[in-house]
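Read through the structure below, which is laid out as structure tokens, and then see the notes.
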Amino acid sequence: MMVTRAKRRQPSSFVFPIQINISISLDALARKEQIHLYADALLQWNQRMNLTAVTEESEVMERHVEDSLATIPPIQSSYLSHCAASYENLNLVDVGSGAGLPGLILAIACPGWNVTLLESMNKRCVFMEHIVGLTNLSNVQVIRGRAENLGQDLGFREVVLDVYVSAKGHDPQEEVRRAERAIHLMGASILQMCLVESHSPYGQRTAVICLKGGRTPRKYPRDPGTPAKLPL
């Protein structure tokens, strides 16, 4: 899917993508305000902890917020075509959420989605919890932990994942080729690779979308550190 790159927008003219179906209403204004609360807090907290390399609100809007929102259409279309008749009530896990990107932005834009933010660093979890309270998000859960451990939790294992979306650079073909065997071992397959607009130097990124069609063998995920030593 080719997406034409839009002109850069300043924060004062920031709008949600048309695919999210948010009309010009009080709800849209409230979500816009939540986005700006996030951006302000990110820059403030970034002065005392390493959350992002950007230092201006316009950069936050372009490089973080708009890049996060650009992943919504591929998620929606993939879910509709292969999983269910509606994408209004998805369960989504943002693995390695860091500063809450893209998970917090998706939770604001799509209030019907239940978003779990998984992050191993406590200080980042504290920041995300602060944002959840600041923006009054009721559809977000912050979990401190690693994917290797959460994947063995019966409350999450084989329950949440139907579609896996990985945001990559503009030319990820070689990386995807190397990962294909591991993807199949996990009971998944590569569904498609979609180009999405981005404020990266290349003007676009790639959303690699995988479909979970079978069960993952019980021995996976392996203990932290093992995949680096013994890649599949």
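If you take the residues in the stretch 160-195 that are among the basic types (Lys, Arg) and open to solvent by 80 Å² or more (accessible area, probe 1.4 Å), which one is nearest to Gly213 (Cα to Cα)?
Arg181
Quickly run through the stretch 40-82 and pick out the residues that are buried (at least 18 other Cβ atoms within 10 Å of the Cβ) and hydroxyl-bearing (Ser, Thr, Tyr).
Selection gives Ser68, Thr71, Ser78, Tyr79.
Going through the stretch 153-171 one residue at a time, which ones are at pLDDT 75 or above, closer than 16 Å to Pro74 by Cα and hydrophobic (A, V, I, L, M, F, W, C)?
Passing the criteria: Val163, Val165, Ala167.
In this structure, does Arg157 turn out to be closer than 27 Å to Asn114 by Cα, out of contact with any helix residue (DSSP H, G or I) (no Cβ under 8 Å at 6 or more places or on another chain), of a type outside the set (Phe, Trp, Tyr) and part of a loop (DSSP other than H, G, I, E, B)?
Yes; evaluated as a whole, the condition is true for this residue.
Can you confirm whether His199 is under 22 Å from Met61 (Cα atoms), open to solvent by 50 Å² or more (accessible area, probe 1.4 Å), modelled with pLDDT under 85 and more than 15 Å from the chain's Cα centre (by Cα)?
Criteria not met by His199.
Looking only at the stretch 110-133, how many residues end up being surrounded by fewer than 20 Cβ atoms within 10 Å (Cβ to Cβ), in a helix (DSSP H, G or I) and of a type outside the set (A, V, I, L, M, F, W, C)?
Final tally of qualifying residues: 5.
Here are some conditions: (1) surrounded by fewer than 20 Cβ atoms within 10 Å (Cβ to Cβ); (2) touching a residue at least 60 places away in the same chain (Cβ under 8 Å); (3) in contact with a strand residue (DSSP E or B) (Cβ under 9 Å, 6 or more places away or on another chain). Arg222 meets all but one. Which one does it not meet?
(3)
The values are calculated or read from the model by the stated rules, or taken from the named source; none is laboratory data. This is a predicted model, so every value here is computed, not measured. In this analysis, Cβ positions are derived from the backbone assuming ideal geometry, glycine residues included, and neighbour counts consider all displayed protein chains. Heads up: the accessible areas ignore ligands, DNA and RNA and are worked out on the full protein's heavy atoms, side chains in. Shrake-Rupley method; radii C 1.70, N 1.55, O 1.52, S 1.80 Å.
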